[in-house]
Amino acid sequence: GAGVSQSPSNKVTEKGKDVELRCDPISGHTALYWYRQRLGQGLEFLIYFQGNSAPDKSGLPSDRFSAERTGESVSTLTIQRTQQEDSAVYLCASSFWGRSYEQYFGPGTRLTVT
Amino acid sequence: TQLLEQSPQFLSIQEGENLTVYCNSSSVFSSLQWYRQEPGEGPVLLVTVVTGGEVKKLKRLTFQFGDARKDSSLHITAAQPGDTGLYLCAAHNNNDMRFGAGTRLTVKP
């Protein structure tokens, strides 16, 4: 079956502009995670969705970052008024309910803020 | 402060050599995962270890979970160029998932 997909694969934007990143999880996966990975670094947790529960937003670095998820499907991560330090690869992962420790990742969106 | 400390940060070896990388923490975890990430791709899950002292083998890769469930090691026997990548450990407690910074392995032919 299809894996996790993310779009766009690459995004170049000017400082101060808003960007929206999309994630399509694996069908049937109720849990969805967003991570940020700076060049040469590990993964930084951003936000977690589980079914219809309130999302865990504890990893969002500032109020410029927000994310939404419609039911158990598509999620969008929005970054407002982008800054150069937002440049990174943004990874999305999904998992089955009760197995959130086994995550399946998309290829990521590489964001470059100029 | 990194919840999970991975070492070494970088490792470059010749094909055929053996290696071990480590993942350490002061916290106890319900489970620990190892992922491998290749350039331009997302991480791919290799293994989950749950029980203290558990050892799992995946072909030439041997994973061990510490007795106290605070640390883990990954041993690769007879490394091949295809093993090149970023090896990430991740630890899970309930729905809280955290990743280490990774060990970047290069295997030269």
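The values are calculated or read from the model by the stated rules, or taken from the named source; none is laboratory data. None of these values were measured; they are calculated from a predicted model. Reconstructed Cβ throughout: ideal geometry from the backbone, glycine too, with neighbour counts over all protein chains shown. The area values use the complete protein model at the heavy-atom level, side chains included, leaving out ligands, DNA and RNA. Shrake-Rupley method; radii C 1.70, N 1.55, O 1.52, S 1.80 Å.
Just a few scattered comments:
- Looking only at residues of the range B:1-23 that are at pLDDT below 95 and of a type in the set (A, V, I, L, M), we find that the one that is surrounded by the fewest Cβ atoms within 10 Å (Cβ to Cβ) is B:Leu3.
- Check on A:Ala93, of a type outside the set (Ser, Thr, Tyr), out of contact with any His (no Cβ under 6 Å at 6 or more places or on another chain) and in contact (Cβ under 8 Å) with a residue 40 or more places away in the chain: yes
- Qualifying strands (runs of 3 or more DSSP E) (wholly inside the range B:42-109; at least 1 residues being hydroxyl-bearing (Ser, Thr, Tyr)): B:44-49, B:61-65, B:71-76, B:85-93, B:103-108
- Considering the conditions (1) closer than 22 Å to B:Val107 by Cα; (2) open to solvent by less than 50 Å² (accessible area, probe 1.4 Å); (3) touching a Phe, Trp or Tyr at 6+ places or on another chain (Cβ under 9 Å), B:Leu32 is excluded by exactly one of them, (1).
- Filtered residue count, the range A:1-14, keeping only those that are assigned to a loop (DSSP other than H, G, I, E, B) and touching an Asp or Glu at 6+ places or on another chain (Cβ under 9 Å): 2
- Scanning the range B:47-75 for residues that are within 11 Å of chain A (Cβ to nearest Cβ) and either open to solvent by less than 20 Å² (accessible area, probe 1.4 Å) or touching a Phe, Trp or Tyr at 6+ places or on another chain (Cβ under 6 Å) (or both) turns up B:Val47, B:Thr48, B:Val49.
- Per the conditions (1) surrounded by 17 or more Cβ atoms within 10 Å (Cβ to Cβ); (2) farther than 26 Å from A:Leu32 by Cα; (3) under 14 Å from the mean Cα position of the chain (by Cα), the sole criterion not satisfied by B:Ala91 is (2).
- Positions within the range A:84-114 being open to solvent by less than 50 Å² (accessible area, probe 1.4 Å), over 9 Å from the mean Cα position of the chain (by Cα) and of a type outside the set (Ser, Thr, Tyr), in sequence order: A:Asp86, A:Ala88, A:Val89, A:Glu102, A:Gln103, A:Phe105, A:Gly106, A:Leu111, A:Val113
- Tallying residues that are of a type in the set (Ser, Thr, Tyr), open to solvent by 10 Å² or more (accessible area, probe 1.4 Å) and more than 7 Å from chain B (Cβ to nearest Cβ) within the range A:32-59 yields 2.
- Taking residues in the range B:74-93 that are more than 15 Å from B:Arg60 (Cα to Cα) and touching a residue at least 12 places away in the same chain (Cβ under 8 Å), and partners anywhere that are open to solvent by 50 Å² or more (accessible area, probe 1.4 Å) and hydroxyl-bearing (Ser, Thr, Tyr), the pairs with Cβ atoms closer than 6 Å and at least 6 places apart or on different chains are B:His92/B:Ser30; B:Asn93/B:Ser30.
- Filter pass, A:Lys17 being open to solvent by 30 Å² or more (accessible area, probe 1.4 Å) and either part of a loop (DSSP other than H, G, I, E, B) or within 11 Å of chain B (Cβ to nearest Cβ) (or both): yes
- Of all the residues in the range A:62-71, those that are open to solvent by less than 60 Å² (accessible area, probe 1.4 Å) and in contact with a strand residue (DSSP E or B) (Cβ under 8 Å, 6 or more places away or on another chain) number 5.
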